[in-house]
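Notes follow the structure.
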Amino acid sequence: MSLTLSQGDLTLELDPHAGGAVQAFRHRDLDILRPGPKRNGPRFDARQYAAFPMVPFIGRIHRGQFHTDGRNVQLPANMPPEPHAIHGHGWQNAWTVDTNSRDHARLIYRYTGSDWPWSYHAAQSFTLSSNDLIIDLSVSNHAERPMPSGIGWHPYFLRDGAHLQMQTTEIWTMDGTTGAIAARRVGADTDLSCGRAVSDLSIDAAFTVANDPILITWPTHRVTLTSDPVFRQAVLYVPDGEDYFCAEPISHAPNAINSDLASEQTGLRWLPPGETLSGRITLSIER
């Protein structure tokens with residue numbers, strides 16, 4: 001069952017049972033995000049929607065494997081044909097509606113632990129103001145030992161005519177064989193601080209970003225994407241031959257759980273029992 005929120009010129013449609021995904025986000029008659037399908041039946045693919053959450057980790061865990069507390073953990077590959085565990089659990093499972101009003105909704109996802117050896121609760125809150133969509137994301141550790149934790153949001157923007165400006169400082173790379181990650185200073189082709197036409201890009205990479213908004217402009221409108229400091233990374237995904245691109249605020253680098261790099265660099269948090277990792281993302285619309 002979908003939910004529709006509205007405030008002023010803004011309309012937000014949510015499909016809690018489809019991975020807690022956003023189905024559509026509009027300013028009057030203009031789609032701000034690429035609209036998703038109307039779901040018939042229980043099956044869904046959150047990647048076809050306008051946006052979805054990433055909890056309790058972001059991006060790839062290489063081949064779904066890591067070592068913790070003296071044991072080897074094997075997670076199932078959840079996005080065939082890739083052999084990795086990707087984007088956590090929330091995007092492939094149903095969320096429940098905790099609160100709902102005309103311009104606000106809070107969704108909850110509860111994981112009780114199986115392949116991922118920690119139980120946790122995740123939450124998404126969506127609030128509309130006159131020109132803003134505010135998303136509050138959180139994950140709370142309900143296990144008895146620290147849990148590696150991350151949060152992120154995966155929106156799909158329409159590509160035609162888009163120009164993107166993002167304060168990239170480092171680009172993350174992953175060895176395809178070992179999964180080892182490294183960060184290097186951006187070069188001329190990956191420095192997006194002065195802005196680039198999205199049509200000129202072909203990229204799928206995570207970046208360390210300065211604490212500045214991501215600015216996306218089209219001939220018809222502008223989106224300013226502002227994130228709390230916990231989202232010190234961002235993924236830019238511009239696939240060839242598609243009508244969309246993704247600019248994703250994230251809290252840690254992909255495969256950080258298998259890295260010897262300091263958490264201050266990767267952003268991965270080992271969340272103590274009973275504690276919560278949270279952050280806010282705001283999309284501000286100008287026409």
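The values are calculated or read from the model by the stated rules, or taken from the named source; none is laboratory data. The structure presented is a predicted model; accordingly, all values stated were derived computationally and were not measured. With ideal geometry, Cβ positions are generated from the backbone for all residues, glycine too; neighbour counts draw on all protein chains shown. In case anyone asks, the SASA skips ligands and DNA or RNA and just uses the protein heavy atoms, side chains included. Shrake-Rupley method; radii C 1.70, N 1.55, O 1.52, S 1.80 Å.
Does region 265-277 contain at least one residue that is within 19 Å of D69 (Cα to Cα), open to solvent by less than 70 Å² (accessible area, probe 1.4 Å) and in contact with a helix residue (DSSP H, G or I) (Cβ under 9 Å, 6 or more places away or on another chain)?
yes
Checking the conditions here, which among A94, A122 is in a strand (DSSP E or B) and either surrounded by 15 or more Cβ atoms within 10 Å (Cβ to Cβ) or out of contact with any helix residue (DSSP H, G or I) (no Cβ under 7 Å at 6 or more places or on another chain) (or both)?
A122
Among the residues of region 12-52, what is the count of those that are assigned to a loop (DSSP other than H, G, I, E, B), closer than 18 Å to G152 by Cβ and among the hydrophobic types (A, V, I, L, M, F, W, C)?
Count: 3.
I'm checking my understanding of the structure. Among residues of region 169-180 that are of a type in the set (A, V, I, L, M, F, W, C) and assigned to a strand (DSSP E or B), which one is most open to solvent (accessible area, probe 1.4 Å)?
M174
Is it true that V238 is under 13 Å from the mean Cα position of the chain (by Cα), at pLDDT 95 or above and of a type outside the set (D, E)?
no
Take the residues of region 105-116 that are modelled with pLDDT of 95 or more and open to solvent by 10 Å² or more (accessible area, probe 1.4 Å): which is nearest to Q74 (Cα to Cα)?
The extreme case among them is Y111.
Only one of (1) out of contact with any Pro (no Cβ under 9 Å at 6 or more places or on another chain); (2) surrounded by fewer than 20 Cβ atoms within 10 Å (Cβ to Cβ) is not met by L133, so which one is it?
For L133, the failing item is (2).
Are any residues in region 144-168 surrounded by fewer than 24 Cβ atoms within 10 Å (Cβ to Cβ), assigned to a loop (DSSP other than H, G, I, E, B) and aliphatic (A, V, I, L, M), and if so, which ones?
Once the filter is applied, which keeps residues that are surrounded by fewer than 24 Cβ atoms within 10 Å (Cβ to Cβ), assigned to a loop (DSSP other than H, G, I, E, B) and aliphatic (A, V, I, L, M), region 144-168 yields A162, M166.
Could you check T190 against (1) open to solvent by less than 40 Å² (accessible area, probe 1.4 Å); (2) of a type in the set (S, T, N, Q); (3) in contact (Cβ under 8 Å) with a residue 40 or more places away in the chain and say which number it fails?
In the conditions (1) open to solvent by less than 40 Å² (accessible area, probe 1.4 Å); (2) of a type in the set (S, T, N, Q); (3) in contact (Cβ under 8 Å) with a residue 40 or more places away in the chain, T190 misses (3) alone.
Which residue out of R102, R60, R39 is touching a residue at least 24 places away in the same chain (Cβ under 8 Å), open to solvent by 40 Å² or more (accessible area, probe 1.4 Å) and within 15 Å of the chain's Cα centre (by Cα)?
R60
The conditions are (1) surrounded by fewer than 20 Cβ atoms within 10 Å (Cβ to Cβ); (2) assigned to a strand (DSSP E or B); (3) among the hydroxyl-bearing types (S, T, Y), and T208 fails exactly one of them. Which is it?
T208 satisfies all of (1) surrounded by fewer than 20 Cβ atoms within 10 Å (Cβ to Cβ); (2) assigned to a strand (DSSP E or B); (3) among the hydroxyl-bearing types (S, T, Y) except (1).
Among the candidates Q7, Q65, single out the residue that is closer than 23 Å to D132 by Cβ, polar (S, T, N, Q), modelled with pLDDT of 95 or more and more than 19 Å from the chain's Cα centre (by Cα).
Within the list Q7, Q65, the selection yields Q7.
Could you go through region 255-267 and let me know if any residue there is in contact with a Pro (Cβ under 7 Å, 6 or more places away or on another chain) and within 23 Å of T226 (Cβ to Cβ).
no
Would you mind stating whether A262 is in contact with a helix residue (DSSP H, G or I) (Cβ under 7 Å, 6 or more places away or on another chain), more than 19 Å from C194 (Cα to Cα) and among the aliphatic types (A, V, I, L, M)?
No; evaluated as a whole, the condition is false for this residue.
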